[in-house]
Amino acid sequence: MSTDNYSHKDSHRSIMKSTSVLSLGTLSSRILGFLRDVILAKVLGTGFRADALFVAFRIPNLLRNFVGEGATNSAVVPVFSEYLINKKKEEFWQFISVVLVLALIVLSILTLLGILLAPVIVRLIAPGFITDPEKLALTVSLTKIIFPYLIFIGLTAYSMAILYTFRSFAAPAFSPCLLNISIIVSALLSSRYLKEPVYGLAVGIVLGGILQLLVQMPSLLKIGIKFQIPKTLKHPGALKVGKLLGPRLIGAGVYQFTVLIDTFCASLSMIVGVGGISAIYYSNRIIQFPMGVFTIALASAVLPTLSGLATNGQMDQMKRTIIFSLENIFFVMLPTSVIMMILSAPIIRLLFQRGEFNQYSTMITSSALLYYAIGLFGFGGIKILVTAFHSLQDTKTPVKIAALCLAINAALNFILMGPMKIAGIALASSIAATIDFLLLFYLFRKKIGKFGIGVRSFLIKILFASFVVAVLIKMSWTYMTIPYEVVKLFIVCIGAYVVYGFLCFQLKVEQAKKVYHWVTGRIK
């Protein structure tokens, strides 16, 4: 492929179009994910079956993040792109074949080991289950059923990497929807026809992985994929992928270890109470919605711009772009955080409280949501700053800071979960994320020079607006009389954003002015 053609595919219009496709796919998947969680909450609640399923699903998902999407984004796609540009098509497809065979071998070995060692793995990840033989046995059984999902989702990730290389985004963007659809259908059928619906859900997860792989095939055939059994697995491209995977695995390991520690602590029901793992899962899903739709999309969109500015030495423009991105994150996340904190109980009650998800489930899940919401701006800011470090080809600093904050998170977990139960685990994550963000911001300023003049004024304005909105939300929810809680929640949330936007507009916050001009049609 010529460089000209390749550059054409990276034009601003093409990038924006690709971003729109990925964002739409993410939004669709998140909406289906919410529907999935609502149904799971009704079928399983926060009982021991729910905890068992979430732990069993988490184990292959941890490995998926090591050898799946995370690996393809940071190590595989760059090398694929290099071969596509610099090598002949025949050499490119030979390289692809080697990588796919190696991936299949590694994934199969990991799956076999996972099935054989399931009893040991479950005891290590969720030691609190040891005191409940029925829960432990169920989790081990579900883990063995779900583990083959790793093979299919891993191969899906490498198929997506090929499609990304050819700038084909539709199938990768929307394929996660199929997993959610598969789980939803299996939940509905299992709850009706099976004595133990949780086993049907485990099968539904595996089927979802198969569907995600199959849906990539038409797009792969369209770009002309040519798979051939390689004569040897020794290939310079595969070795290069392996070298690039090293730092990525360390970074992923730090993050996944944080997840493991949270799961470990949440499984200690004698300390945090029953249903802790489920409460963490459901509350985290709600936090991830604004993160996925807005923050991750913005971080993905800004990376090419920051990389180009860094390459050209345009540090002043780079600083302005980073501040612009952070201000947008804070502008959206602060009022969202306030709403989730004050209205955590009605949000959880309306979304999930039905069937097996009872009042106790709402109480523990809403407490976790409240304390996760405190760190929402930190979670978002980290995404932007890590992207900024990567644009300077510095992958070590974010990993070092993440490792330090992992230790802080773990220490806070054990300190807070005694007096605060499951809420302590959520608060520990929020505090660690805030520290992570502040350290990254400090080190980035130290790396490229001081920047952010005017940010303090911006923060004071939006903090003031958020405080006023918090008071209004509390008063409205307490004194407003509306027979239907869902209508009341909708009115209060929309009203909160409108008041926040109005106050920010009056305070001359740039983002609010842009929203106003967009709504009134003044921007062409």
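The values are calculated or read from the model by the stated rules, or taken from the named source; none is laboratory data. Everything numeric here is computed off the predicted structure, so don't read it as measured data. Don't worry about glycine lacking a Cβ; one is built from the backbone with ideal geometry, like all the others, and counts go over all protein chains shown.
A few notes on this one:
- Within region 454-504, considering residues that are touching a helix residue (DSSP H, G or I) at 6+ places or on another chain (Cβ under 8 Å) and among the hydroxyl-bearing types (S, T, Y), the one surrounded by the most Cβ atoms within 10 Å (Cβ to Cβ): Y500
- Of the helices (runs of 4 or more DSSP H) lying entirely inside region 97-204, those containing at least 3 residues that are under 23 Å from the mean Cα position of the chain (by Cα) and surrounded by 15 or more Cβ atoms within 10 Å (Cβ to Cβ) span 149-165, 170-193.
- Flag for Q506 being modelled with pLDDT under 90 and on the phi < 0 side of the Ramachandran plot: no
- Check on L84, over 26 Å from S278 (Cα atoms), touching a helix residue (DSSP H, G or I) at 6+ places or on another chain (Cβ under 7 Å) and not aromatic (F, W, Y): yes
- In region 327-347, the residues that are more than 11 Å from A496 (Cβ to Cβ) reach residues that are acidic (D, E) and part of a helix (DSSP H, G or I) with C-beta atoms within less than 8 angstrom, at least six apart or across chains, in these pairs: E327/E510; P346/E485.
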